[in-house]
Amino acid sequence: MHGMSFDHQTIGSLLVNLAWERGDSPATMTQRMGLGWSIWTRDMDRSLGDRAVQLISVATGLPCDQVRAMTLTRRLQDAGIPTQRNGFQRWLTPIGIYHRQRLRYGQLFCPVCLQTGPAQLRLAWRLASNWVCSTHTVLLRDGCAQCGTPFAPMRHDALMLARCDRCLAPLRTPVEPASQTECHLQIRVQSLWRQAMAGDGQQLASFHEALTAVVRRDPQFRLSGEPWNFWRVAERRELLVNVAQATLAGPASHSSLMRGVGLKKTSKPGRRRCTGLPADPSARAAKLMQLAARVRFARRPKARIARNA
Ligand SMILES: [Zn+2]
Ligand SMILES: [Zn+2]
């Protein structure tokens, strides 16, 4: 136990804040720390090498363990998820760093958190299971509403200023409220993570399995071929809502959900729920097909921008 949740800030977030306090550019600061500037060309929020962890620990006075806990790889491991250093990673949204530019829309953010809270990136904003800020009950965003660029918080003080690094538009707008139903579903999904962190990852694994199965069973999806954690948050939202409703809400609460009533009353504490998918393989397949039909996928979400866009 590190006493940290996905609410904690990422390591990159910590470093840009530190640089800001010192009046340095992030690159100058990491150069001085012995980390070099090239750390900004990598996805450091995903994982850090041992040497980098040590250098950051020395510079910040934080124990190595705590530094490592600010990376997603460590947090995923704590939840019992098998991880790999590079390439596809279950649950993780990709940011596609090329030099210091971001080519993918994997960095989520809550516009209200950025406006009212400390200028920090939460670990939760790189998890593909998140689409709502449950503190502010608004939808998470992944880019600039003005120019469409992916959020690149480490460039040009974009995080500290809460502005788009390219066109300087403030990121605090637009704010889209999430429905009560969606908020409850998001909280339910987050509880699966807490459960996994506490050593029981079975329901989280089942939820992942259901999400992936629904996408794979969609005949059109096979043509587009991008894993669902690579999609933009607006497209993923529909998948998450549908699958969470079908597999986590339980049959009794389903009709009340459709009327926009929350899940609160139907969740019985102390009683373990199953995932809601039938155990019989053919019944299970039928249910997943039904789910796939209900999700209206954007067939080819522009999840990636061109290198020199
Ligand atoms: Zn928020
Ligand atoms: Zn912009």
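Quick notes on this structure:
- Ordered from largest to smallest accessible area (heavy atoms of protein chains, 1.4 Å probe), the residues His184, His99 come out as His99, His184.
- Cα gyration tensor shape for region 175-217, rounded if a/c is under 1.5, else prolate or oblate: oblate
- Sequence-distant residues sharing a close amide H with Gly143 (under 5 Å, placed H): Phe151
- The residues of region 11-161 have, on average, 40 Å² of accessible surface per residue, using a 1.4 Å probe with all protein chains present.
- Cα-based shape type of region 21-130, given that a ≥ b ≥ c are square roots of the gyration tensor eigenvalues and the cut on a/c is 1.5: rounded
- For Tyr98, the amide hydrogen comes within under 5 Å of the amide hydrogens of Leu103, counting only partners 5 or more places away or on other chains and with H modelled in the peptide plane.
- Order of exposure, largest accessible area first, which applies to Ser179, Ser13, Ser206 with probe 1.4 Å: Ser179, Ser206, Ser13
- Per-pair calculated FRET efficiency, R0 = 30 Å: Asp200 and Asp280 via Cβ, rounded to 0.05: 0.80
- Label positions at Ser191 and Arg32, each projected 7 Å from the Cα along the C-beta direction, are separated by 4.7 nm.
- Estimated FRET transfer efficiency when R0 is 51 angstrom, pair Ala293-Gln115 (beta carbons, to 0.05): 0.85
- Contact order relative to length of region 23-122, as percent, for alpha carbon pairs under 8 angstrom and 6 or more apart: 18 percent
- Accessible-area composition of region 11-161, carbon plus sulfur, in percent [1.4 Å probe]: 47 percent
- Full-stretch length increase - Arg90, Asp65 - with 0.36 nm per residue and alpha-carbon distance subtracted: 6.7 nm
- For Thr173 and Thr135, the FRET efficiency from 1/(1 + (r/R0)^6), where r spans their Cβ atoms and R0 equals 25 Å, is about 0.90.
The values are calculated or read from the model by the stated rules, or taken from the named source; none is laboratory data. Please read all numbers here as calculations on a predicted model, not as lab measurements. Positions of Cβ are backbone-derived with ideal geometry, glycine not excepted, and every protein chain shown enters the neighbour counts. SASA here: full protein model, heavy atoms, side chains in, ligands and nucleic acids out. Shrake-Rupley method; radii C 1.70, N 1.55, O 1.52, S 1.80 Å.
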